[in-house]
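Participant: Dumping the structure here so I can ask a few things about it.
The values are calculated or read from the model by the stated rules, or taken from the named source; none is laboratory data. Source: prediction; values computed, not measured. Cβ atoms come from the backbone with ideal geometry, glycine included; neighbour counts cover every protein chain shown.
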């Protein structure tokens with residue numbers, strides 16, 4: 001599902017220190033993997049490489065059967081339909097309702113109004129927001145806003161969901177609500193890649209944990225723990 005073979009990314013001059021250095025990694029379909037590391041360790045660069053926001057300086061990346069070496073720019077939107085992304089700061093459209101925020105992802109994919117009306121309510125119910133369809137982001141709690149962001153990320157049924165610090169702005173209760181929702185999505189067959197600084201979440205989830213430090217993988221544990 002996700003394969004990286006000796007991937008290096010250097011910004012600026014070739015003499016600069018790589019943001020990620022010779023990373024090799026294999027994540028199977030339907031896995032739930034946690035990516036940890038301090039700020040500046042290389043996590044963000046790795047995610048940008050996976051979503052093709054950045055190109056590697058060297059090495060090979062294959063995601064969902066798509067070889068990035070031969071990926072043409074015009075096919076990048078097709079790739080990104082396979083990858084849903086959720087951010088720490090939600091990135092919702094403030095002037096759109098819950099329904100409209102989720103529907104937006106389908107609109108830009110060219111889906112018909114009929115398909116949108118059929119699909120969006122199911123996803124809103126899946127993330128536990130039934131009855132909130134007409135509310136605007138400012139009327140929701142932080143946890144609810146993150147649920148909308150997750151709904152928008154999964155409404156096109158991506159094979160992979162990248163959750164980049166999705167609990168970073170939430171209190172402990174809402175953080176666990178979001179983690180449980182990610183586990184639920186994973187059970188439906190979506191590969192989940194979660195980045196987090198939350199030691200409690202990492203240690204209680206008992207999932208595969210990959211640690212990045214100074215651009216390199218320093219640990220890859222089948223059932224991992226994390227200390228800061």
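Participant: Among the residues in the stretch 49-58, are any over 18 Å from the mean Cα position of the chain (by Cα) and in a helix (DSSP H, G or I)?
Facilitator: No, the conditions are met nowhere in the stretch 49-58.
Participant: Checking the condition in a helix (DSSP H, G or I) and touching a strand residue (DSSP E or B) at 6+ places or on another chain (Cβ under 7 Å), which residue from 46, 25, 3 passes? Steps first, answer last, please.
Facilitator: Values: 25 fails: in a helix (DSSP H, G or I); 3 fails: in a helix (DSSP H, G or I).
Being in a helix (DSSP H, G or I) and touching a strand residue (DSSP E or B) at 6+ places or on another chain (Cβ under 7 Å) holds for just one of 46, 25, 3, which is 46.
Participant: Residue check: is residue 143 in contact (Cβ under 8 Å) with a residue 12 or more places away in the chain and within 22 Å of residue 47 (Cα to Cα)?
Facilitator: On the way: in contact (Cβ under 8 Å) with a residue 12 or more places away in the chain: yes; within 22 Å of residue 47 (Cα to Cα): no.
Against the criterion (in contact (Cβ under 8 Å) with a residue 12 or more places away in the chain and within 22 Å of residue 47 (Cα to Cα)), residue 143 does not qualify.
Participant: Restricting to the stretch 180-204, give me the number of residues that are within 16 Å of residue 30 (Cα to Cα) and surrounded by 17 or more Cβ atoms within 10 Å (Cβ to Cβ). So that I can check it myself, show each step before the final result.
Facilitator: Residues of the stretch 180-204 that are within 16 Å of residue 30 (Cα to Cα), as a first pass: 180-194.
Still in the running and surrounded by 17 or more Cβ atoms within 10 Å (Cβ to Cβ): 181-182, 185-186, 190-194.
Total meeting the criteria: 9.
Participant: While we're on this one: What are the pairs, 6+ residues apart or on separate chains, where a residue within the stretch 37-58 that is touching a residue at least 40 places away in the same chain (Cβ under 8 Å) and at positive phi has its Cβ under 7 Å from a residue that is assigned to a helix (DSSP H, G or I) and surrounded by 17 or more Cβ atoms within 10 Å (Cβ to Cβ)?
Facilitator: 37/43
Participant: Being modelled with pLDDT of 95 or more and loosely packed, with under 14 Cβ neighbours inside 10 Å is the filter here, so list the residues in the stretch 56-65 that pass it.
Facilitator: Result: 58, single match.
Participant: Next question, about the same structure. Among the residues of the stretch 14-31, what is the count of those that are in contact with a helix residue (DSSP H, G or I) (Cβ under 6 Å, 6 or more places away or on another chain) and surrounded by fewer than 20 Cβ atoms within 10 Å (Cβ to Cβ)? Spell out the reasoning first.
Facilitator: Narrowing the stretch 14-31 to residues in contact with a helix residue (DSSP H, G or I) (Cβ under 6 Å, 6 or more places away or on another chain): 19-20.
Imposing the further condition that a residue be surrounded by fewer than 20 Cβ atoms within 10 Å (Cβ to Cβ) reduces the set to none.
Qualifying residue count, the stretch 14-31: 0.
Participant: Only one of 164, 213, 177, 220 is closer than 30 Å to residue 18 by Cα and in contact with a helix residue (DSSP H, G or I) (Cβ under 8 Å, 6 or more places away or on another chain); which? Explain how you work it out, then say what you get.
Facilitator: Working: 213 fails: in contact with a helix residue (DSSP H, G or I) (Cβ under 8 Å, 6 or more places away or on another chain); 177 fails: closer than 30 Å to residue 18 by Cα; 220 fails: in contact with a helix residue (DSSP H, G or I) (Cβ under 8 Å, 6 or more places away or on another chain).
Being closer than 30 Å to residue 18 by Cα and in contact with a helix residue (DSSP H, G or I) (Cβ under 8 Å, 6 or more places away or on another chain) holds for just one of 164, 213, 177, 220, which is 164.
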